[in-house]
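J.: Dumping the structure here so I can ask a few things about it.
The values are calculated or read from the model by the stated rules, or taken from the named source; none is laboratory data. Model, not experiment: these values are computed from the prediction. Cβ: placed from backbone, ideal geometry, glycine included. Neighbour counts: every protein chain shown. Ligands, DNA and RNA are stripped out before the accessible areas are found, and what is left, the full protein with its side chains, is counted by its heavy atoms. Shrake-Rupley method; radii C 1.70, N 1.55, O 1.52, S 1.80 Å.
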Amino acid sequence: MKLWPAKWGRQQRSSASMVLATLALVLILWLCALPLSLLPEPIGSNADSFADGVRTTVELTLIAGLAGLLIGIAAALGKLSRVPPLRWTAAAYVWVIRGTPLLIQVLFVYFALPVIAPYLQMSDFASACVALAFNVGAYNAEVMRGGLLAVPRGQVEAARSLGLSRAQTFVYVTFPQAFKIALPPLVNNIVALLKDSSLAYSVGVLELTNVGNRIQAATFQPVPILIATATIYLVLTTVMTQFSDAVERRFDVEGQQA
C-alpha cells in the first residue's frame, strides 16, 4: 500500500508532461509566426513563411512516422515469419533501405517510381511521405524484431496452454510487451525522422529547410536564416523528445502497476 502514492505521483507527472508537450507543439504550430515576427530582418518579415514550413515539417513527420511504424511492425513480423518468401522479402527490404542514402530514396520515389509505374503519380509531398515512411519503417522493423525476440518464450507457452490462439497470444501477450521494450528506440527514430524530413526539399516540398533556402537566396543573408532554421529544428526536437520521454514514463508506470 505504501507504493501507491509514489506510483500515482509518477503517473500524474507523466500525464502532465504529455499534456504540456502536446500543448507546446500545438502552440508552436499555430503561433510560431508571432515570436518570429518580432525578430530583426530578414526573419521578421518572413515569419509567416517560416511558420508554414514548420507546419509542413511536422505534418511530414507525423504522417511518415505513423506509416513507418505500421510498415516496421509488418516487416518485423515478415522477418520472423516461418514462410520463406515473406522472410526473404522483409529481409531484402530492410537490407536495401538501410544500405542506401535517404536522399536517393526520396529522389527515386519522386522521379523514378512514376516512370516504372506510371499509375503511381504522386505530388511532391506524397512522394516525400512515402520515402520517409519506408525509410524509418526499415529501422523500426529491426527495433520491433528485437522487441519481439526479447519477450520470454515461457509467457507465450503459458498463454497457449491457457487456450489462447496464436493471434490472441500475439495481440494480448507478445505485442504489448515487445512494444514497451522497443518504445525508446522507436521514439528516437521519430525524432531522427523530424530532422531527416529536411531532405524533402530536394523534390520541392516547402518544408522548413526549403523555406529557409528560398529566403536565403532572396535576401543573401545566410547567417541569420540558417541560425533561425536550426533554432526552430532544435525547439521542435526538444518538444518531441519531452513528449516521448513522458510516453516512456507512462508505459513504465503502467507496467509497474500491472
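J.: Could you grab me the full set of residues in the stretch 57-87 that are open to solvent by less than 60 Å² (accessible area, probe 1.4 Å), closer than 24 Å to residue 209 by Cα and among the hydrophobic types (A, V, I, L, M, F, W, C)?
T.: 58, 60, 64, 67 - these are the residues of the stretch 57-87 that are open to solvent by less than 60 Å² (accessible area, probe 1.4 Å), closer than 24 Å to residue 209 by Cα and among the hydrophobic types (A, V, I, L, M, F, W, C).
J.: Restricting attention to the stretch 143-175, and to residues there that are open to solvent by 50 Å² or more (accessible area, probe 1.4 Å) and under 30 Å from residue 59 (Cα atoms), which single residue is farthest from the chain's Cα centre (by Cα)?
T.: That would be 171.
J.: For the list (1) at pLDDT 90 or above; (2) open to solvent by less than 60 Å² (accessible area, probe 1.4 Å); (3) assigned to a helix (DSSP H, G or I), I need the number of the one condition that residue 227 fails.
T.: Every listed condition holds for residue 227 apart from (2).
J.: Please count how many residues of the stretch 206-235 are within 12 Å of residue 54 (Cα to Cα) and aromatic (Phe, Trp, Tyr).
T.: Within the stretch 206-235, residues that are within 12 Å of residue 54 (Cα to Cα) and aromatic (Phe, Trp, Tyr) number 1.
J.: Take the stretch 87-118 and flag every residue that is without any contact (Cβ under 8 Å) to a residue 40 or more places away in the chain, farther than 21 Å from residue 202 by Cβ, in a helix (DSSP H, G or I) and not basic (Lys, Arg).
T.: Of everything in the stretch 87-118, those that are without any contact (Cβ under 8 Å) to a residue 40 or more places away in the chain, farther than 21 Å from residue 202 by Cβ, in a helix (DSSP H, G or I) and not basic (Lys, Arg) turn out to be 88, 89, 91, 92, 95.
J.: Taking the stretch 88-102 only, how many residues are surrounded by 15 or more Cβ atoms within 10 Å (Cβ to Cβ) and closer than 21 Å to residue 182 by Cβ?
T.: 4
J.: Scan the stretch 103-128 for residues that are of a type in the set (Phe, Trp, Tyr), open to solvent by 60 Å² or more (accessible area, probe 1.4 Å) and under 23 Å from the mean Cα position of the chain (by Cα) and jot them down.
T.: 108, 110 - these are the residues of the stretch 103-128 that are of a type in the set (Phe, Trp, Tyr), open to solvent by 60 Å² or more (accessible area, probe 1.4 Å) and under 23 Å from the mean Cα position of the chain (by Cα).
J.: Being open to solvent by less than 40 Å² (accessible area, probe 1.4 Å), assigned to a helix (DSSP H, G or I) and either within 18 Å of residue 54 (Cα to Cα) or touching a strand residue (DSSP E or B) at 6+ places or on another chain (Cβ under 6 Å) (or both) is the requirement here; does residue 201 meet it?
T.: no
J.: Which is at pLDDT below 95, more than 22 Å from residue 242 (Cα to Cα) and out of contact with any strand residue (DSSP E or B) (no Cβ under 6 Å at 6 or more places or on another chain), of 25, 62, 66, 39?
T.: 39
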